[in-house]
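See structure below.
The values are calculated or read from the model by the stated rules, or taken from the named source; none is laboratory data. Remember, it's a predicted structure, so these values are computed and weren't measured experimentally. Cβ coordinates were reconstructed from backbone atoms using ideal geometry, including for glycine residues, and neighbour counts include every protein chain displayed.
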Amino acid sequence: MAITVLIRRCVKKGKEQEFLASYSRDKPRHPDFISETLTKVSERTDLPSQMVDFPLRCKECTTYINVAQWKTADAFIEHMKPQRTHNPDFECEDRVRIVLEVL
């Protein structure tokens, strides 16, 4: 069953370009990888509160959400070997993930 994996990345202010360069170099190369989109949580202050109440922002950092599609959760686990880690050079918190099943 196809899945979508959301991966939150908390990037230190001023280290965004270093993170983006690393992200671009480390694209998955696996036959069960479908696609991914890197997004950044909006920092706009003029949005209605109903549009910014999803509790996923990183404190004191820039929040990125990687939206990755894989053919199976097992393929993601096999290839990415997910752990609660972060790169201290540019990330300020451990990465967190959630798997969404595509209906």
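Checking each residue in segment 56-68 for being surrounded by fewer than 17 Cβ atoms within 10 Å (Cβ to Cβ) and closer than 24 Å to Arg29 by Cβ picks out Ile65, Asn66, Val67. Any idea which residue in segment 69-81 is nearest to Ser24 (Cα to Cα), counting only those that are of a type in the set (A, V, I, L, M, F, W, C) and surrounded by 16 or more Cβ atoms within 10 Å (Cβ to Cβ)? Step by step, filter segment 69-81, then rank; the result is Met80. For the residues Pro48, Pro88, the requirement of being closer than 18 Å to Val11 by Cβ and either exposed (fewer than 10 other Cβ atoms within 10 Å of the Cβ) or in contact with a Leu (Cβ under 7 Å, 6 or more places away or on another chain) (or both) singles out Pro88. Cβ-Cβ distances below 6 Å connect the following pairs, each with a first residue in segment 19-39 that is at pLDDT 90 or above, a second residue that is among the β-branched types (Val, Ile, Thr) and part of a strand (DSSP E or B), and a separation of six or more residues or different chains: Phe19/Val11; Thr37/Val67; Thr39/Ile65. Selection of first residues in segment 67-83 that are of a type in the set (A, V, I, L, M) and of second residues that are assigned to a loop (DSSP other than H, G, I, E, B), restricted to Cβ pairs under 9 Å at least 6 apart or on distinct chains, gives the following pairs, ordered by first then second residue: Ala68/Pro28; Ala73/Met1; Ala75/His30; Ala75/Pro31; Ala75/Asp32; Met80/Pro28; Met80/His30.
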